[in-house]
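The values are calculated or read from the model by the stated rules, or taken from the named source; none is laboratory data. As the structure is a prediction and not an experimental result, all values here were calculated from the model. Methodologically, a virtual Cβ is constructed for each residue, glycine included, from the backbone with ideal geometry; neighbour enumeration extends over all protein chains shown. Accessible surface areas use protein heavy atoms only, side chains included; no ligands, DNA or RNA. Shrake-Rupley method; radii C 1.70, N 1.55, O 1.52, S 1.80 Å.
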Amino acid sequence: MKIIVCYKWVPDEQDIKIAADLKVDMSMAKWKISEYDKNAIEEAALQAENNAAEVTCLTFGTSKAKQSLKDALSRGPEKAYWVNDAKAENTDGFVTANILAAAIKKVGIPDLIFFGEGSEDSYGQQVGPRVAALLDIPALTFVTKTAVKDDAITTTRSIGNCTEDVTASFPAVVCMLPEINKPRIPSLKQVLKASKKPVEEIKLADLGLSDAELTVKNKVKSIQGFVMNRKNKLYQDGSSAEKVKALVSDLAKEGLA
Amino acid sequence: MTVKKQQTDELLGLDKFAVDEDNPHVVIDKEKCIKCTEKPCLVVCPAKLYKLGQDGQIQFDYAGCLECGTCRVMCSHKALDWKYPQGTFGVSFRFG
Amino acid sequence: MSDEEKFDAIIIGAGPAGCACAYILAREGKNVLVIERGDCPGSKNVTGGRLYTYALELVEPGLYKDAALERQVVREQIMMLSEKQGITIDYYNENLEENTSIPQSFTVLRAKFDQWFADKAEEQGAMIASGIRVDDLLMENDKIVGVKAGEDEMYADIVIAADGVNSLMGQKAGLKEEWNGHEVGVGIKEIIELPQDVINNRFAVGQGEGAARMILGQTGGIQGGGFIYTNKTSVSVGMVVSPAELAKQDKSVADIYQDFKMHPAIQKLISDGTTAEYSAHLVPENGWNSVPKKLYRDGFLMVGDAAGFCINTGTIIRGIDLAIVSGVAAAKAILKESEQPGIQYMKNLEELSLVPTMKLFAGWPQITSIPRMVQKYPDMINETMDFMFKVDGKVPPKMTGALKNIMKSHVSLFELISDGWRGFRAI
Amino acid sequence: MAGIYIYSEEQPVTEQLLTAGKTLANSLNEKINVIDFSEQDSESFIKKGADHVLCLKSDHPWPESYAQIIADILKEKDPTVVLIGGTLRGKTTASIIAAKLQTGLVNNAFAIEGSGSVIETKRIMYSGIAVCTEELCHGSIVTIEPRTFDAAQDSDHQGDTENIDIQPEAKTITVGNVCPIVHQDNDIATAEKLVCVGRGLSDQNDMKLAEELAEKLHAQICCTRSVAEDYHWLTTDKYVGLSGAKVKPNLYISMGVSGQVQHVAGMRDSKVIVAVDTNENAPIFAAADYGIVGDLHEIIPLLTKELG
């Protein structure tokens, strides 16, 4: 069984600052593998350990994403494919899916393709099923459990008001929810081993995609800090009892008391 | 914003933490702790993580630990099992 | 054991000491592994602080030019605070590099500097494994032969503990005793962001230039002191105080620091700034007297803060430079391939002037720990200033008499003589 | 051909999308088309504003399998914009349709606005700290989460229905055991009112204050991370925050919560936020509608009493 697990190299949102003018400041941001994708990598690694799956990983990123390869490989995959292009700086779900699908076709469609449920930065939640559609294979999304038997995978999907068990024969795309597993903290030996694993860089030009396929669809007009629109009313006058009275009277006006 | 007097809660909120929910890296031996009358931990912790409950027991929240080790040095009753958090966990200074 | 699992050297901690050591060993062709518990090098480290550049010169001439440094220190300042007053001694010297080919010192931020240094060591061929905590040392026949991290065991000819002031590995090796509360200082620091030109104006420095300020007084009467260092677009404001003294009173060190930060004379320097980080760290404050009696055993060396290498002269604090020097000394000792690298290491520490310098300042902590240094003397000096500069239209008292009265109101003649005697002995 | 197309596998969500669709239809001067599976619902959708309903006739149990068919229909109709209910199934279906049509997709838009021929959406990025405003390409798909808009009201609106027989091809999928998730009464994610306790509580005994207040309000109790993870006063499924539960009650009252960003990220969709804390600089007050600075031991009992 062959598995390709896809991941994205993202800025740590804890390090993103919103300036007074609402600009998004990423100058201090450390980059990391998107947390949701770590679940996907872990699930692939477990398949490697339990079902002798042959796992490789794939990312589309700028030259900065080079730093991600060692971390990804220390989490289990035996080889990394890296579509290295500056276009990753300004991409969307449409372009990313086109590139990943083309790269997967190029290296050979595996039995299973794993994704996280969405990326931690833009959280577009579409690349996994888009890739499935482009490859014309089923997409099993929001998966909390996987079981492989013969040439099929049975997953438990958790989709809001119900769970369902869905079985798909290979090949298939599977997108994981975070509760599926707990990503490992790579051990010393895994980290050391990772630096010896092969990395194959894929040039965008070799994927044979048209300009249209590489042009983003929706135009991002702005990315700005989220502003809380709150009343910010602080009761300052009078005794505590009076403050509470004023609060309850305001809540009553909102129909809440 | 103008620099102002701030509570440690707010200041710790500025820092980056990856909390290892399953493995506290500092564990208090309550039996030893309760015998201590001086309780230096209450004043020496820069993150003010040690608090005295009404029951006289020390309450401690390892999540905001800055990993300085002052409590470990000062705990005269050796009531702390003090380790560094597991790799990648704990505080990550952006400036240092 | 396979080749893959054995290194020439394993260094615990990717701080300045560990990186300096790894850099040189890797450059000279050794197979080196640096294990860092932080997510990336520098993420667990804190400094006041500044770096004296001579130390980087010992690693590789010219290396400092490329280093992740903040501002070159051209102003050395000492500030003494009473409750509402402050006096600052300000020494300006643009040509601090006049007598040497390298500039004297730069302010640094450790998250950036340590990451840079680790990258440099990696370029030389060192293997840096981040996000891994070393849990134990491996021993065979009384020799330390490797480390244990989680389930993994990794072997090396020599293990270097560069694991910082708490050096749990130094303790495991049986070399380092637990600190007591008088030997260390607890440091608290805020990074306060300010625009570059505001920093230039407030500290009267040019582009790329910076100030380093030591502060005495207003640490809640607790033995210790404060500091301000100017970075590119932030200032590091903090204080280091004795935890043993803290334990004798009931105000939290965090609150003492907030009051210190809000002192009017400090406030003016940081107003309109935004706090971006709050950090704390222990500082080995007791100098040579608290350095472990033995810094090595078979298969094991201790460097940097782990070895207690820090000097507080009362006017400056040195730590990062000593860490780098000790890393260099350890690397050179290992490269000599002598039977006993530990003995060679101590020899190198002598030759690189680290041990003699530490011994020279060995008595200094006694002076800086005189209780009157943190309250009475700063108050006295500020009152003297007040007398000298205050004009209220009345006939002022005679200078000599007035000064004598000011002094008497703060310290007794006996205290003055005893402090002077302690100072004399310390030198 | 043009028009606004609306689809959800859940009928109430389609009704909510009609609210968004009608505003959009007015500003863009377009017709509203709804794709659904039941003739019965078709009538109701028309009353609520649909001009045209395409009723697909099939009995395949797996809604995601309709993606190809919907894509085929949309390809022929060449819509201006497609609104799909942002349920989890809906988002998957939308992604597949978008890939089939080689068009753009905005998932989880919380606002959509049209002016002239331009349509703009807003959605959250970076775990909630930023808002991304996008200008849609022609024919883009947008998913909108359930309950973002109120359901459209009945009117005397007229429209027509078109029945289409379809044969979804379920590829290589088999659906087994479908099991509804039973939400417990005390599930904080669905609670109408919440009382949240933070580290400002000095003692576990203070939990009584919260319980009394919650009882009066018929509210559930939730907490900050440390109350669950460190003090263990409540179970971990009761903590609200970035890594905990996301809540959106009508009323959220915090006591002794400082309001660190990680916590606020979990509760900021609450309709009305009330904060009680001793520290006037606590960031919770910036996130609150109403705030009282004071000792919760004094304020909370007063509040409980006053609410009587």
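What to note about this one:
- Accessible area buried, both sides summed, chains B and C with 1.4 Å probe, Å²: 4100 Å²
- Among C:GLY208, D:ILE70, D:THR174 - extreme Cα towards positive end, dipole of the protein assembly as shown, charges at beta-carbon: C:GLY208
- Expressed in units of 2.2 N^0.38 Å, where N is the residue count, the Cα radius of gyration of the protein assembly as shown is 1.04.
- Separation of alpha-carbon centers, the stretch D:250-308 and the stretch A:97-169, rounded to whole Å: 42 Å
- Binned Cα-Cα distance frequencies in chain A - 10 Å width, integer %: 7, 27, 29, 17, 8, 7, 4, 0
- Approximating the spin labels as points 7 Å out from Cα along Cα→Cβ, the A:ASP211-to-A:SER63 distance works out to 2.5 nm.
- Label zone at C:ALA402 (point 7 Å along Cα-to-Cβ), backbone N below 12 Å, the stretch C:359-396: C:383-396
- Förster radius 51 Å - calculated FRET efficiency between C:GLU415 and D:HIS232, Cβ distance, rounded to 0.05: 0.45
- Across the alpha-carbon atoms of the stretch A:144-237, the computed radius of gyration and Dmax are 23.2, 72 angstrom.
- Extension gain for D:GLU215 to D:VAL182 (0.36 nm times residue separation, less C-alpha to C-alpha distance): 9.6 nm.
- Calculated FRET efficiency for the pair B:ASN23/A:ALA241, C-beta based, R₀ 41 Å, to 0.05: 0.35
- Label point distance in nm, B:GLN57-A:LEU234, each placed 7 Å from Cα along Cα→Cβ: 3.6 nm
- At 1.002 mPa s and 20 °C, Stokes diffusion of the stretch C:366-426 via Kirkwood alpha-carbon radius, µm² per second: 167 µm²/s
- Expressed in units of 2.2 N^0.38 Å, where N is the residue count, the Cα radius of gyration of the stretch C:281-325 is 1.18.
- Against chain C, whose longest principal axis comes from its Cα atoms, helix C:399-410 is set at around 50 degrees.
- Per-residue SASA entry for B:SER92, accessible area with 1.4 Å probe, Å² rounded to 10: 20 Å²
- With N counted as the residues of the stretch D:1-79, its alpha-carbon radius of gyration over 2.2 N^0.38 Å works out to 1.05.
- The value given for the stretch D:140-253 is a Kirkwood hydrodynamic radius of 18.3 Å, derived from the mean inverse Cα-Cα separation.
- A straight chain from C:LYS6 to C:GLU60 at 0.36 nm per residue would run longer than the Cα-Cα distance by 16.7 nm.
- Cα centroid separation - the stretch D:54-101 against the stretch C:244-301, whole Å: 62 Å
- Of C:GLY304, C:GLY226, C:GLY181, the one that fluctuates the most in a GNM where chain C has Cα springs shorter than 10 Å: C:GLY181
- Atom-type composition of the exposed protein surface of the protein assembly as shown places 50 percent of the accessible area on carbon and sulfur (1.4 angstrom probe).
- Using a 1.4 angstrom probe on protein heavy atoms only, the contact between A and D buries about 6300 square angstrom of accessible area, both sides summed.
- Note on chain C: Rg/Rh from Cα positions, Kirkwood definition for Rh, rounded to two decimals, is 1.01.
- The stretch D:188-306 shape via C-alpha gyration tensor axes, a/c threshold 1.5: rounded
- Residue with peak Gaussian network fluctuation, chain A [Cα springs, cutoff 10 Å], from A:SER63, A:SER187, A:SER169: A:SER187
- Computed over neighbours whose Cβ is under 13 Å from that of D:LYS208, the net charge equals -4, Lys and Arg +1, Asp and Glu -1.
- Stokes-Einstein translational diffusion, the stretch D:4-165 - Kirkwood Rh over all Cα pairs, 1.306 mPa s, 10 °C, in µm²/s: 102 µm²/s
- Residue list for the stretch A:1-31, given a label point 7 angstrom along the Cα-to-Cβ vector of A:GLU78 and an amide N cut-off under 20 Å: A:1-7
- Note on the protein assembly as shown: with charges restricted to the Cβ of Lys and Arg (+1) and Asp and Glu (-1), its dipole about the Cα centre is near 3320 debye.
- Inter-label distance, nm, simple model (7 Å from Cα along the C-beta direction), D:GLU43/A:SER195: 7.3 nm
- The protein assembly as shown, accessible area per residue, ligands and nucleic acids excluded (1.4 Å, Å²): 41 Å²
- Per-pair calculated FRET efficiency, R0 = 45 Å: A:MET26 and A:LYS253 via Cβ, rounded to 0.05: 0.60
- Cα-Cα P(r), chain D, percent of pairs per 10 Å interval: 6, 24, 25, 20, 16, 8, 1
- Cα shape, the stretch C:196-320, gyration tensor, a/c 1.5 rule: oblate
- Whole-Å semi-axes of the stretch B:8-92's equivalent ellipsoid (Cα gyration tensor): 22, 14, 11
- Mean-square fluctuations from a GNM of chain A, with a 10 angstrom spring cutoff on Cα atoms, peak among A:ASP237, A:ASP165, A:ASP92 at A:ASP237.
- Accessible surface for C:ASP157 stands near 70 Å², nearest 10, in the context of the full protein assembly shown (1.4 Å probe).
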